[in-house]
Amino acid sequence: MAEKQTERRKTGLSFEVFPPKKDEEFENVYQILRDLGSLRPDFISCTYGAGGSRAGKTIEITSFIQKELCIDAIAHITCVGFTREDLDKNCAALEAAGVTHVLALRGDRPQTMTDEQYDRREFSYAVDLIRYLREHTTLSIAGACYPEKHFEAPSIEEDLRRLKEKVDAGVSSLISQMFFDNDFFYRFLDRARAMGIQVPIHAGIMPITTAGQLGTTVSLSGSSVPKKLADLIATYGDDKEDMRKAGIEFAVGQIRDLQEHGVDGIHIYSMNKVKTTTDICNMLRPSL
Ligand code: FAD
């Protein structure tokens, strides 16, 4: 992907965006994408609503990124609760929209799914989706990984064994869950490499710019909060602008350290926030 840009830059740069929940907000998203595109990331990925809600929007957004901005776009797709027929339709729509890269995920169990439906699902894990896509499409496939282990896995070793299966099934790169303590990422990276996982691994960075954001983020991701970040919230949490600045500096510090450690890429969970993402990139130039 994007060869000229990865040659130019030592550490890769990419962003995650999401489809706005309301149709009336959808027009703005194109300007957001143009602005994020001007920061020249190697790729932009777009999330897929849990259970496939607003799947069409993910395709519209990734198609725009790929065709109009000429930046590699990765469409997230999930498989829990999907039939092969649903998947074939989704893949055909991606192909028609000119999207050739996907992040293949299992997804979380939708609340509406009964135990029986869950037990009898056609695709049990992301690895089943990856195998299916390999066999039936020409899509380039990325997978998700968890530096602090996935919440369902009994141990990090077991999670890594499952991760290796995904890579062996045909994943060409990995994007990590967000983390706030780089040591978890370095330990995970060492273990993954020792197991023979050699594909590029993009480090997921979520800038925390409001005190309220941290609680939601942590409960969704399960990521540990280091003392430095907790202290920062305690000190600046009540002041909107100071908190924003401190959160950006924290993310920049994390990224600089990751760059020094020679990681493959930085994947910023942009949350569609152009100003925050731009400020981070500007503070890191010319190295990112
Ligand atoms: P898997 O790789 O299938 O792993 C899930 C769990 O099952 C792990 O504990 C693993 O160890 C275990 N496991 C794997 N294979 C087996 C097996 N054969 N037998 C037994 N256990 C096994 N969700 C969305 O709904 N939409 C999104 O757009 C989205 N984007 C994401 C982007 C990133 C970068 C990340 C990290 C996550 C994203 N998620 C998204 C969340 C993701 O769907 C959930 O974390 C989900 O619970 C796991 O998906 P997975 O693809 O990692 O699952």
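The values are calculated or read from the model by the stated rules, or taken from the named source; none is laboratory data. Remember, it's a predicted structure, so these values are computed and weren't measured experimentally. Neighbour counts run over all protein chains shown; Cβ positions are idealised from the backbone, glycine included. Surface areas here come from the heavy atoms of the whole protein model, side chains and all, with no ligands, DNA or RNA. Shrake-Rupley method; radii C 1.70, N 1.55, O 1.52, S 1.80 Å.
Are any residues in the stretch 249-288 among the charged types (D, E, K, R) and touching a strand residue (DSSP E or B) at 6+ places or on another chain (Cβ under 8 Å), and if so, which ones?
Listed by number, the list holds a single entry, ASP264.
Among the conditions (1) over 19 Å from the mean Cα position of the chain (by Cα); (2) near the ligand (Cβ under 10 Å from one of its atoms), ASP168 misses just one, which is (2).
When the residues of the stretch 79-90 are filtered to those that are open to solvent by 10 Å² or more (accessible area, probe 1.4 Å) and within 16 Å of the ligand (Cβ to nearest atom), the one that is nearest to TYR269 (Cα to Cα) is ASN90. Figure legend. Inter-residue proximity from the stretch 24-45: first residues crowded, with 18+ Cβ neighbours inside 10 Å, second residues among the aromatic types (Phe, Trp, Tyr), beta-carbon distance below 6 Å, spacing 6+ or different chains. Indicated pairs: LEU36/PHE15; PRO41/PHE15; ILE44/PHE15.
VAL199 - would you say it is more than 8 Å from the ligand (Cβ to nearest atom), farther than 22 Å from MET271 by Cβ and crowded, with 21+ Cβ neighbours inside 10 Å?
no
On inspection, GLY204 fails the criterion of being surrounded by fewer than 19 Cβ atoms within 10 Å (Cβ to Cβ) and touching a residue at least 60 places away in the same chain (Cβ under 8 Å).
Within the stretch 118-137, does at least one residue satisfy the condition of being open to solvent by 20 Å² or more (accessible area, probe 1.4 Å), touching a Ser or Thr at 6+ places or on another chain (Cβ under 7 Å) and part of a loop (DSSP other than H, G, I, E, B)?
Yes, there is a match, as at least one residue in the stretch 118-137 is open to solvent by 20 Å² or more (accessible area, probe 1.4 Å), touching a Ser or Thr at 6+ places or on another chain (Cβ under 7 Å) and part of a loop (DSSP other than H, G, I, E, B).
Considering only the stretch 47-70, state which residues are in contact with a Leu (Cβ under 9 Å, 6 or more places away or on another chain) and farther than 19 Å from ASP23 by Cα. If the condition is that a residue be in contact with a Leu (Cβ under 9 Å, 6 or more places away or on another chain) and farther than 19 Å from ASP23 by Cα, then GLU68, LEU69 are the ones that fit.
Filtered by the rule that a residue be closer than 20 Å to PHE250 by Cβ, part of a helix (DSSP H, G or I) and open to solvent by 20 Å² or more (accessible area, probe 1.4 Å), the stretch 163-186 gives ASP183, PHE184, TYR186. Considering only residues in the stretch 139-162 that are touching a residue at least 40 places away in the same chain (Cβ under 8 Å) and surrounded by fewer than 18 Cβ atoms within 10 Å (Cβ to Cβ), the one that is nearest to ILE44 (Cα to Cα) turns out to be SER140. Pick out the one residue from ILE197, ILE255, ILE268, ILE280 that is in contact (Cβ under 8 Å) with a residue 24 or more places away in the chain, under 19 Å from the mean Cα position of the chain (by Cα) and assigned to a loop (DSSP other than H, G, I, E, B). The match here is ILE197.
The set of residues from the stretch 103-117 being open to solvent by 90 Å² or more (accessible area, probe 1.4 Å) and either under 25 Å from ILE141 (Cβ atoms) or among the small types (Gly, Ala, Ser) (or both) comprises ASP108, ARG109. Please count how many residues of the stretch 110-138 are of a type in the set (Lys, Arg) and either in contact with a strand residue (DSSP E or B) (Cβ under 8 Å, 6 or more places away or on another chain) or in contact (Cβ under 8 Å) with a residue 60 or more places away in the chain (or both). Number of matching residues: 1.
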